[in-house]
Amino acid sequence: MVFFLLSLCMRTAAADENRCVLPQGLTGFQSEVLTKDECEKVSSEIMKKERAQAEILNKLGGKTKAVVEPAEISSAVEARETTDVQSSVPQPSLFDRYISATQKWDVQASSLKPFGYDIFTTGSASQQNLPVSQDYVIGPGDEIQVLLWGRVTGQYSLSVNRDGTIQFPNVGPLTVSGMTFEKMKSYLSSKAGKIVGTQISVTMGRLRSIQVFVLGEVKRPGAYEISAMSTVTNALMASGGASGIGSLRRVDLKRGNMTVASIDFYELLTSGDKSSDLRLHDSDVVFVNVVGPIVGIAGNVKRPAVYELKESTDLAAALRLAGGTIPTAFTQRLQVERVQDNLKKVVIDIDASQEAAARSFILLDGDFIKVFPVVDRDSNAVYLEGNVKRPGKYELKKGMRVRDIIKDERDLLEESALDYAIVKRFSAPAMNAVMLMPFNPGALFSGSEKDDISLMPGDVIQIFSRWAFMDKSTVSIFGEVRCDKLNGGQDAGGCYFELENRLTVKDLVHKAGGLTKDASLEWLEIYRTDKRNKEVTLIKLSLGSALSGDNRDNIMLEDMDRVVVHSVRETTPQSYVTLHGALNRPGKYPYASNMTVKDMVFAAGGVHESAYLEDAELAIGTVADSRNYVFEYRKIDLSKALAGDPEHNLPVPPYASLFVMQVRNWQSELFVELKGEFVNPGNYRIKRGEKLSSVIKRAGGFTTRAYLKGAVFTRESIRDFQQKNIDEAASRLEKVLLSSAPSEIEGAMGPEAAKQAQAAIEQKKALIAQMRASRAEGRIGITLEEHLEGTPYDFEFEDKDVLTVPSRPSQVQVMGSVYNQLAFLYTPDATVEGYLKKAGGTTANADEDAIFILKVDGTAVSKKESSWDSGSKSWFSGGFMSAKLNPGDTIIVPEKLDKIHWLREIKDLTQILYQIAVTAGVLIVVF
């Protein structure tokens with residue numbers, strides 16, 4: 001008998017090294033006492049939100065915001081995650097922008113990005129492989145490559161020591177620190193010149209690293225180790241560049257207690273001037289100030305972006321920063337949106353085509369400049385659209401009329417509507433009011449002056465298809481036709497076709513791909529619908545006559561006609577015979593009027609080699625009393641029937657059935673598997689009824705390491721039975737646990753109680769999911785001995801049985817509600833109580849009355865039920881806790897069920913879990 005493990009792991013308020021307590025309402029969990037993993041997860045989410053919030057504040061220009069909405073955080077995070085994707089999307093060329101500029105009149109700021117910030121995220125800070133300039137200052141840590149030839153030959157790598165000297169060969173220490181590279185070369189050449197007959201070449205090797213500080217409004221402020229060749233730009237690249245509120249126009253370089261330079265990176269970005277990009281010294285500070293006044297320039301300029309202003313800047317200067325306007329810009333009206341005195345938002349229009357007006361307009365912090373496109377329609381064009389051969393844009397000439405665009409029907413496509421067309425005229429100034437002027441194309445082509453409308457700029461001539469005002473006439477055909485799908489759409493087994501002029505029945509059959517082989521030529525049906533009252537009339541015709549061209553049956557079809565071609569099987573059904581059993585191709589076959597038993601067998605590919613020919617069964621059905629279909633069964637000798645014996649090779653009627661039996665135990669293969677400590681483990685083929693002792697003997701018996709008490713025997717049929725019991729028990733438990741869930745939530749007093757009820761439901765679902773995921777082992781408890789033959793334990797094997805004999809284990813496992821779940825080395829004299837002490841004893845939540853031993857042979861002994869030791873086959877003399885164990889045994893200490901309120905309410909939960917464990921051989925763990 002197999003028992004179950006019931007182990008509960010609930011969150012409690014007790015804090016230990018693996019748990020933490022977070023402030024109320026900070027987490028998304030039902031309880032605020034979390035495990036270590038949960039704490040790390042929540043902390044990570046909080047840090048992400050804080051970073052997103054900081055980014056939002058940066059985007060707001062550093063302005064403080066009392067509350068950051070979740071939607072803003074989500075937008076910031078999404079924007080950050082999609083930056084790389086957006087950067088890989090091909091940007092439109094400037095000419096593409098010219099072409100598309102007039103498609104939208106409004107100008108939006110949503111796509112504007114700060115100018116120049118991306119240069120620091122795409123560049124490289126490395127300076128190691130660049131050539132050393134002549135003004136490079138030598139310092140401690142630099143490596144100098146010296147090549148001597150002539151009287152003295154050698155190649156040396158000389159490092160500048162901390163005292164600023166190098167050990168020059170054949171000369172001694174020389175001080176070079178503080179010299180420029182150019183001066184050092186001259187100095188060393190002069191020293192080498194004192195060695196008679198010696199030439200020298202001096203180059204720089206590995207350059208020293210210097211430490212600089214990048215502070216202020218940068219993405220990653222801090223100290224950086226960079227090459228001594230690095231400039232301010234390289235330091236900013238190393239730190240990720242300016243943050244969202246960092247300035248590119250006022251970057252200070254501090255050395256000692258002085259600011260040695262204030263760099264405007266717009267000079268580098270707009271004109272390529274690097275004169276202010278100074279080389280850094282050790283301990284220099286690069287400080288990025290908070291961004292100054294900013295303006296946004298959007299629309300029809302070459303470089304739309306957000307720009308930082310320096311000092312007083314007029315509109316003309318700002319447009320130059322943006323690269324100037326593009327040809328599609330409407331410079332007569334530039335619009336500036338401005339927040340005035342922190343009180344209100346105003347709009348100012350400027351005529352930037354006047355240079356003086358643009359220069360006199362001084363921009364303020366936060367201004368948004370919109371450069372609109374010219375009007376989105378050509379000023380001297382008309383448009384031709386619809387069912388025409390050459391649609392598109394046409395130049396409007398003086399005095400032009402409709403007939404100048406479409407001269408006659410040759411300019412139209414087929415099936416154009418000749419009784420109605422329109423000219424659409426858009427009214428200024430917004431061009432959104434439309435006036436429709438109808439005309440008659442047919443009358444226009446006949447010379448009607450009334451229909452030859454005079455055209456104006458922007459007019460659209462619209463020519464319609466005649467099917468825009470009516471449904472197309474169609475016919476359909478169903479039944480025994482081959483329905484060419486290329487010519488018509490299929491629906492519910494039929495084909496639909498457009499009704500052509502003078503279409504006849506014969507024409508429709510050919511359009512449908514012709515007839516099938518089962519088509520009946522005797523008649524067809526046409527269901528004709530009256531267009532006025534929708535009444536349907538049935539017309540019956542001869543299909544054969546219609547196909548021969550007889551006009552009496554090959555009539556012309558009308559709109560909505562439905563043609564039906566019948567099958568000959570409607571009057572002459574296809575009869576069949578059926579064959580079962582030991583045949584090469586058993587199944588259903590067409591019936592022939594003179595068919596015999598022998599013919600039936602040949603139709604099925606002949607008999608199989610496993611067929612039992614002496615006793616086949618022929619079933620013949622007949623209709624009795626015109627009401628009931630009854631069967632008559634006849635036994636025949638199939639070998640004689642196949643030899644042509646008329647007594648057995650009987651003629652068969654339609655729907656006859658022949659069953660050919662198979663010889664008993666034909667090539668039946670039964671296998672079992674022996675695993676573990678057998679002399680020859682493996683798969684063995686057995687005969688039906690072969691016993692355990694026989695197969696073990698064939699395997700050579702057990703090895704000396706075999707531990708017979710721990711033998712595990714599994715059977716497929718038992719596994720299937722156990723799995724069925726698990727699934728049924730899980731379904732019953734699901735009904736019990738979840739039946740009251742809706743009422744518990746509805747009856748909850750307050751939001752906190754509702755949360756607890758919802759948490760209980762989630763726990764129930766988790767338990768049910770775990771039970772449904774449990775898989776049965778199919779284990780049968782057996783007693784294995786050295787000599788089984790003649791004992792009650794020598795049972796018969798079944799196909800796919802598996803017997804596993806392990807080697808002797810050396811441990812005893814302690815699981816469940818103890819302080820240290822562990823496996824301990826087996827000691828012959830150790831008791832249950834002793835092993836529990838080694839595990840630290842039971843916890844406060846342990847159900848000590850329910851402790852049980854899971855024996856190595858699969859059986860179990862419970863403290864509640866008995867004191868019988870199956871290993872020694874004797875009663876425990878000193879009680880359950882004094883019981884001695886066998887190697888491989890497991891002590892299970894369950895937790896109390898009543899700690900979870902919803903488990904207390906399920907009276908038969910224990911019984912259900914017990915039944916699963918006993919019948920399935922699995923352990924159910926409840927969390």
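The values are calculated or read from the model by the stated rules, or taken from the named source; none is laboratory data. Note that the structure is predicted; figures quoted are calculated from it, not measured. Positions of Cβ are backbone-derived with ideal geometry, glycine not excepted, and every protein chain shown enters the neighbour counts. Keep in mind that these areas ignore ligands, DNA and RNA; they rest on the heavy atoms of the full protein, side chains included. Shrake-Rupley method; radii C 1.70, N 1.55, O 1.52, S 1.80 Å.
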Quick calc: nm separation of the 7 Å Cα→Cβ label points for Q211 and T622 -> 11.3
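Could you work out how much longer the chain between L147 and R532 gets when fully extended? Use 0.36 nm per residue separation minus the Cα distance between them, nm to one decimal.
My answer for the length gained is 127.6 nm.
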Once the cut-off is 21 Å, how many percent of the Cα-Cα pairs in the stretch 294-373 end up in the long-distance tail? 17
Selection from G296, P327, Q354 lying farthest towards where the dipole of the stretch 294-373 points positive, charges on Cβ: P327
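Using the beta-carbon distance between R688 and R585 and R0 = 22 Å, what value does 1/(1 + (r/R0)^6) give for FRET efficiency, to the nearest 0.05? Before the final figure, lay out each step's value.
Values: r = 29 Å, r/R0 = 1.34.
In this case the efficiency is close to 0.15.
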Would you please give the residues with an amide H less than 5 Å from that of V301, counting only those at least 5 places away or on a separate chain, with H modeled from the backbone geometry? I326
About the Cα centre, and with charges only on the beta carbon of Lys, Arg (+1) and Asp, Glu (-1), how big is the dipole of the stretch 137-205? Nearest 20 debye, please. 240
Contact order relative to length for the stretch 576-662, counting C-alpha pairs under 8 Å separated by 6 or more residues, stands in percent at 40
How charged is the neighbourhood of L148? Take every other residue with its Cβ under 13 Å from the Cβ of L148, and add Lys/Arg as +1 and Asp/Glu as -1. +3
Calculated FRET efficiency, T843 and Q340, Cβ-Cβ r, R0 51 Å, to nearest 0.05? 0.10
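Ranked highest first by average number of other Cβ atoms within 10 Å, how do 726-735, 800-809 line up?
800-809, 726-735
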With +1 assigned to the C-beta of every Lys and Arg and -1 to the C-beta of every Asp and Glu, and no other charges, what is the dipole magnitude of the stretch 474-567 about the Cα centre in debye, to the nearest 20? 40
Expressed in nanometres to one decimal, the distance between label points 7 Å along Cα→Cβ at S360 and M437 is 4.4
Past 26 Å, Cα to Cα, is the threshold; run K389/K511; K588/K640; K588/K687; K735/K800; K450/K472 against it and keep the listed order. K389/K511; K588/K687; K735/K800; K450/K472
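Tell me the per residue accessible area of the stretch 474-606 using a 1.4 Å probe; a whole number in Å² is fine.
On the way: 7490 Å² over 133 residues.
Heavy-atom accessible area per residue stands at 56 Å².
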Taking a point 7 angstrom from the Cα of Y576 along the C-beta vector, which residues in the stretch 583-599 have backbone N less than 12 Å away? 587-591
Length released on extending from I539 to R255, taking residue separation times 0.36 nm less the Cα-Cα span: 91.6 nm
Environment charge at G834 (Cβ cut-off 14 Å; Lys +1, Arg +1, Asp -1, Glu -1): 0
With 0.36 nm assigned to each residue of separation and the Cα-Cα distance removed, S275 to K800 gains 180.4 nm
If you take the square roots of the eigenvalues of the alpha-carbon gyration tensor of the stretch 474-567 and sort them as a ≥ b ≥ c, do you get rounded (a/c under 1.5), prolate (a/b over b/c) or oblate? rounded
Over all distinct Cα pairs, what is the inverse of the mean 1/r for the stretch 382-468, reported as the Kirkwood hydrodynamic radius in Å? 13.1
Where labels lie 7 Å past Cα in the beta-carbon direction, separation of R390 and V347 in nm: 4.3
S807-Q758 FRET efficiency (beta carbon distance; Förster radius 45 Å; 0.05 resolution): 0.35
Relative contact order (percent) for the stretch 509-664, with alpha-carbon contacts under 8 angstrom and 6 or more residues of separation? 21
Could you please report the charge total around E525, scoring K, R as +1 and D, E as -1 over all other residues with beta-carbon less than 14 angstrom from its beta-carbon? -2
Provide the per-residue ³J(HN,Hα) series for the stretch 691-705, in order, calculated from phi with Karplus coefficients 6.51, -1.76, 1.60 and θ = phi - 60°, each as a whole number of Hz, with x at glycine and proline positions. 9, 4, 4, 5, 5, 4, 5, 5, 7, x, x, 8, 7, 6, 8
